[in-house]
Amino acid sequence: MSGAAFVTGFTEGIGLAVTATLARAGLSVFGCARSADDVAATVKRFTDDRLDVDGTTCDVTDTAAVRAAVEAAVARYGRIEVLVNNAGRNGGGETATMDEALWLDVVDTNLNSVFRVTREVLTTGRMRDGASGRIVNIASTGGKQGVPLAAPYSASKAGVVGFSKAVGLELARTGITVNAVCPGYTETAMAARVRQGHADHYGTTPEAVKEKFEARIPLGRYVAVEEVAAMVGYLVSDAAASVTAQALNVCGGLGNY
């Protein structure tokens, strides 16, 4: 696979690792994120390393902003051949007392944005104009088996899995593949926030929460963001042309379906 990739949430965590993986593989990468300072710093980091990365600000819950970001990517690089829907957020708590606004924002950020960006890349991004394309959506093992105190997160990521399978089948004859990557416990800034939330709820420490989480993982450790990015790198490669409508775990054995 060559050409341009569009990556949402590219300034930290999995998105940053995916951007590095794709750029080092020879793709031009156009990323988006909410913070202008973070976008500028990330672009500089990669261009200083002589990698072809550019980007813009974008709130993926805003349809007009998504369209503008995709238009900017096309103006910079032309047709988008690879899309990685990575932008997302954590959020949860006790469902019985959860604020509705929190539920709606988590679902809008994690699930509805995947529809918005995918639709825009297929049309404005001209992905359908070529003979092939790759769409990879970052879901979660939490979307397959559920996470306590994270009902909106689990529900939204389950939706990403279902969306990926449905659109993968819809586009199968076009040469565009669609897959979901499902990380388990992955060491990111979001993971640190989740540990703090659990520590606050249960009256313990983030370190104790991490030990408890690691005890659940057959591999015995958190997944590295580079390991998730490696799966994305495979799925966008020519070697993965026959892989579509799948939800693939990268989780140290935490989930096995």
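Values in this text are rule-based calculations from the coordinates and carry no lab data. In this text the structure is predicted, and so the values were computed from the model without any measurement. Quick reminder, even Gly has a Cβ in these numbers, built from the backbone with ideal geometry, and neighbours come from all protein chains shown.
Counting pairs of alpha carbon atoms under 8 Å apart in space and at least six apart in sequence, what relative contact order in percent does the chain give?
Values: 514 pairs, mean separation 49.2, N = 257.
19 percent.
Name the residue, out of Val167, Val70, Val114, whose mean-square fluctuation peaks in a Gaussian network model built on the chain with Cα pairs under 10 Å.
Comparing Val167, Val70, Val114 in a Gaussian network model of the chain, the most mobile one is Val167.
Which listed residue (Cys32, Ala5, Leu16) has the Cα farthest towards the positive end of the charge dipole for segment 1-91, taking +1 on Lys and Arg C-beta and -1 on Asp and Glu C-beta about the Cα centre?
So the residue furthest toward the plus end is Ala5.
Report, in debye and to the nearest 20, how large the dipole of the chain comes out about its Cα centre when Lys and Arg carry +1 and Asp and Glu carry -1 on their Cβ. Don't skip to the end; give the middle numbers.
On the way: 24 positive and 27 negative charges, 129 e Å.
Using only the charged Cβ atoms, the result is roughly 620 debye.
Tell me which cysteines of the chain come out unpaired when the rule is another cysteine's Cβ under 4.7 Å.
Singleton cysteines: Cys182, Cys251.
Along the three principal axes, how long is the chain when you take its alpha carbons, biggest first, rounded to the nearest angstrom?
52, 38, 35
Pick from Gly203, Gly31, Gly168: which is most flexible by mean-square fluctuation in a GNM of the chain where alpha carbon atoms under 10 Å apart are linked?
Gly203
Among Glu12, Glu170, Glu100, determine the one that fluctuates most according to a GNM of the chain built with springs between C-alpha atoms less than 10 Å apart.
Glu100
What is segment 47-196's relative contact order, in percent, from Cα pairs under 8 angstrom and six or more apart in sequence?
Relative contact order of segment 47-196: 24 percent.
Sum -39500 (n - 2.57) across every DSSP H segment of at least 4 residues in the chain, then divide by the residue count to get the 222 nm mean residue ellipticity, nearest 500. Numbers along the way, then the final one.
Numbers: 10 runs with 119 residues, N = 257.
Computed ellipticity for the chain at 222 nm equals -14500 deg cm²/dmol.
Could you go through segment 243-252 in sequence order and give the Karplus-derived ³J(HN,Hα) for each residue, using 6.51 cos²θ - 1.76 cosθ + 1.60 with θ = phi - 60°, rounded to whole Hz, and x for Gly and Pro?
Using θ = phi - 60°, the values come out as 9, 8, 6, 10, 10, 9, 7, 10, 8, x Hz.
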